[in-house]
Amino acid sequence: MSEVLRCVDVARTFGALRAVDGVDLAVTRGARHALIGPNGAGKSTLLRLVAGGLRVTRGRIWFGGRDVTRAPEAHRARLGIGQTFQQSSLFRSLTAADNVALAVQRRRGRPWLPLPQRPGWAARVTELLGLVGLESRGHQPVHTLSYAECRQLEVAVALAAEPQVLLLDEPAAGMSADGTARLLDLLRGLPPDITLVFIEHDLDLAFQLATEVTVLHLGRVLMSGTPAEVQASDEVQRAYLGAGRRGDLFITEPVTGGGDVAART
Amino acid sequence: MSLTTMVYRPTEARLDWPGRLSAAAAVVTLAAAPFFLAPYATTTLTRMLVYALLAASLDLLVGITGLPSLGHAAYFGVGAYMAGWIATNATPAAPLPLLAAAVAGGLAALAAGWVAVRSAGVFFLILTLALAEIIQQLAESWQPVTGGSNGMYGIPATRLGAEPLTHVAYLHWYVLGWFLVGILVVWALSASPFGATLRGIRDNEPRLRALGYQPYRYKLAAFVAAGAVAGLAGGLLATQQRLVTPTDLGFATSALALLAVVIGGTGTIWGPCLGAALVVLVRDSLGPSLGGHGPLVLGLVFIAVVYALPRGVAGVRRPRSRRTATR
């Protein structure tokens, strides 16, 4: 399998703080790549560096074989890097459908067109709202949606841009168990040609979805590997729990069906 | 009705039947006004249309793009001077002075916007004010062209064919026609995919950038479009008054336009038009009878609207999708 994203010796400092300190990361095309690590490990900063919202202090970032280290965020988005944010970042006075439409029209429409139109891509908006379970909420302004609905809409907006790589920063944060299960189903059902790189503190969720895992600690890569390799690592245990026992971090029996390896925080 | 059973249409492009009927009734009433109003009242109504178009163009910036300009009268004034200059030195034949006014307003906005739209918030407010002050100083000091502080006076009446437009009613219909063209342009921009992008900038510019948009270009285009429509409104002012002074592009005019937008309701286009009508009514009709206390009344109206109608006059009637909190 080919690599879609590669970071080489990527670093970002804020004053004296080394938030990301020489990270090497390789993401396989079509992978579900989890970024895990304790608070302050540099996960969100690394995603922002990949998306272009922050500039690297050092290192290079390649996307689809192209060096995008100096490319602005909007350019990277047009190349195919999509993202959702830790805090909901939507167009709050617009309706849910208009939020999705803004993303769709950038990709399929003509955002410069100065005349009203019946968009040819209208069905795509309906389809995306249906995909995240918001088909009956399309006419609602975003500020009237619940927190969980906003998180679902975030995913719909990100998918509307038709990314090759979708960066998800804690997509399930603050969601109920039901909401999390729905989100997991949604992410599992995404086409295999969309590569996911996601941060998730809920290790149960992370290991159910991930095909690759990178563990960050204090801005550095502690280890990368398959979920099974990461779960077996004593180094990861120490990073998360100090001298704790493996059973405190990972549950050996699956929580939900499908034989997935489950974990808990 | 759920979206699964209907085709998505952008919210702002939907014009419901009550809205269409209200718009049609307003146009008919405005067109019929010279038949039942005295000439002075008709002249005031015509001036309301001029300032309404200025306010609508400012709404494109303030309400739709989220760029609060304090110097929008600069492009209005540039348009007025250009229309006056063309009518005096080239031809007063319609519609050349007005087209030149719109182009001049747009070009002035392009030059100023190239600098201004790089900033945001209070910085944008101050920058637009400073750039407008520069343009006003230019108008006051460029005596041979603008007439300096005395202004440009004796502008020839616009000629429609061989006829000069001096009759109050004909002038009113001429201004009304171009007012409708200007409003149609602003509405089309607002309801188009371009307008949707501008609303995205207003709500969340970083998110829009993360979707691949380049907001600077859209903001500059909106600034130029608003400047061109303001220039057209300025051309109408020169056509009606046949006199342009530096006051027309000064801070007081910019502030009145902003006041009209806030009173009327930002982002609605028709709300700022109503706001402008109210502002002109208080300033020109009620003001003189209040012993020069018109601005005081406007201030009180502003405070009352901010407290009682935070979304402006237009907020009294909002589209269903905006009013409905939950289904």
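Going from the fewest other Cβ atoms within 10 Å to the most, the residues A:ASP24, A:ASP178, B:ASP248 appear in the order A:ASP178, A:ASP24, B:ASP248. Normalised by the number of residues in segment A:91-161, the average gap of Cα pairs under 8 Å and 6 or more apart makes the relative contact order 50 percent.
Please work out the FRET efficiency for the pair A:SER136 and B:LEU184, using the Cβ-Cβ distance as r and a Förster radius of 41 Å; give the result to the nearest 0.05.
On the way: r = 35 Å, r/R0 = 0.84.
It comes out at approximately 0.75.
Counting beta carbons within 10 Å around each of B:MET82, A:MET223, A:MET175 and listing the fewest first gives the order A:MET223, A:MET175, B:MET82. Need one number: the % of Cα-Cα pairs in chain A sitting beyond the 29 Å mark. The answer is 33 percent, as a whole percent.
Amide H contacts of A:GLU3 (H built 1.01 Å from N, in plane; Pro and chain starts excluded): A:ARG29 sit under 5 Å, all sequence-distant by 5 or more or on other chains. From helices alone, chain B scores -22000 deg cm²/dmol at 222 nm; the rule is -39500 (n - 2.57) for each run of n ≥ 4 DSSP H residues, then divide by the residue total.
From the alpha carbon gyration tensor of the protein assembly as shown, can you work out the equivalent ellipsoid semi-axes (sqrt of 5 times each eigenvalue) and give them in Å, largest to smallest? Please report the intermediate quantities before stating the final value.
On the way: eigenvalues 639, 123, 76 Å².
Over the Cα atoms of the protein assembly as shown, the semi-axes work out to 57, 25, 20 Å.
Please identify the chymotrypsin sites (Phe, Trp or Tyr not before Pro) of segment B:121-185 that satisfy two criteria: DSSP loop assignment and at most 14 other Cβ atoms within 10 Å. Which are they? Here the sparse-neighbourhood loop sites are B:TRP142.
In chain A, helical runs assigned H by DSSP with n ≥ 4 each contribute -39500 (n - 2.57); averaged across all residues and rounded to the nearest 500, the mean residue ellipticity at 222 nm is -9500 deg cm²/dmol. Hydrodynamic radius of segment B:92-136 by the Kirkwood approach over all distinct alpha-carbon pairs: 11.7 Å. The residue list B:LEU208, B:ALA74, B:LEU198 was ranked by how far each Cα lies along the charge dipole of chain B toward its positive end, using unit charges on Cβ atoms, and B:LEU208 comes out on top. Based on the convex hull around the alpha carbon atoms, segment B:189-327 presents an average projected area of 11.0 nm². For a label point 7 Å from the Cα of A:ARG66 along Cα→C-beta, name the residues of segment B:202-220 whose backbone N is under 19 Å from it. Counting only backbone N, you get B:209-215.
Note on A:VAL8 and A:ASP193: the extension gain reaches 64.3 nm, defined as 0.36 nm multiplied by sequence separation minus the Cα-Cα distance. Here chain B is assigned +1 on the Cβ of each Lys and Arg and -1 on the Cβ of each Asp and Glu. Its dipole about the Cα centre then comes out at about 1200 debye. Put simply, the Cα atoms of segment B:17-111 extend 40, 37, 22 Å along their principal axes, the longest span coming first.
At full extension, B:SER285 and B:ASN150 could sit 46.2 nm farther apart than now, given 0.36 nm per residue minus the alpha carbon distance.
Using a cutoff of 8 angstrom between alpha carbon atoms and counting only pairs six or more residues apart, the relative contact order for chain A works out to 24 percent.
The chymotrypsin sites (Phe, Trp or Tyr not before Pro) of segment A:31-136 that meet both conditions, a loop assignment by DSSP and at most 14 other Cβ atoms within 10 Å of the site Cβ, are A:TRP112. Can you give the log10 of the normalised intensity I(q)/I(0) at q = 0.19 Å⁻¹, computed with Debye over equal Cα scatterers of segment A:91-161? Once normalised to I(0) and log-transformed, intensities are -0.67.
Rounded to the nearest angstrom and listed largest first, the equivalent-ellipsoid semi-axes of segment B:38-247 from its Cα gyration tensor are 31, 19, 13. Rounded to the nearest 20 debye, the dipole size of chain A about its Cα centre is 1120 debye, using +1 on the Cβ of Lys and Arg and -1 on the Cβ of Asp and Glu. Express in whole angstrom the spacing between the alpha-carbon centres of segment B:88-164 and segment A:171-209. Each part reduced to its Cα centre gives a spacing of 57 Å. Label separation (A:GLU235 vs A:THR57): 2.2 nm, computed from points 7 Å beyond Cα along the C-beta direction.
The magnitude of the dipole of the protein assembly as shown, with charges of +1 and -1 set on the Cβ of Lys/Arg and Asp/Glu and taken from the Cα centre, is near 660 debye. List the relative contact order of chain B as a percent without decimals, with contacts defined as Cα pairs under 8 Å and 6+ residues apart. Once normalised by length, the contact order is 31 percent. The simple Förster model, with R0 at 30 Å and r as the Cβ-Cβ distance, assigns B:THR247 and A:ARG92 a FRET efficiency of 0.15.
If you take each beta carbon of peptide A:131-143 and count the beta carbons of other chains within 10 angstrom, what is the mean?
4
Beta bridges assigned by DSSP with both partners in chain A are antiparallel in approximately 55 percent of cases.
In segment B:213-282, inverting the average of 1/r over every pair of distinct C-alpha atoms gives 13.5 Å as the Kirkwood radius.
Give the average, rounded to an integer, of partner chain Cβ atoms located within 10 angstrom of each Cβ in A:90-97. The partial results should precede the final answer.
Details: counts 3, 9, 2, 7, 11, 7, 1, 6.
Mean partner-chain Cβ count within 10 Å for A:90-97: 6.
Mean per-residue shielding of peptide B:212-219 is 4, counting Cβ atoms of other chains within 10 Å of each Cβ.
Since only B:LEU165, B:GLY234, B:THR91 are under comparison, the one whose Cα sits farthest along the positive direction of the charge dipole of segment B:38-247, derived from C-beta charges on Lys, Arg, Asp and Glu, is B:GLY234. Once the Kirkwood radius over Cα pairs is known for segment B:81-190, the Stokes-Einstein relation at 4 °C and 1.567 mPa s delivers a diffusion coefficient of 81 µm²/s. Computed from phi, the 3J(HN,Hα) profile of segment A:81-87 under the Karplus parametrisation 6.51, -1.76, 1.60 (θ = phi - 60°) reads 9, x, 8, 10, 10, 4, 9 Hz, with x in place of Gly and Pro.
Read-outs: derived from the displayed coordinates by stated rules, not from any lab. All values derive from a computational prediction rather than experimental measurement. A quick note on method: Cβ atoms are made from the backbone with ideal geometry, for glycine too, and the neighbour counts reach across all protein chains shown.
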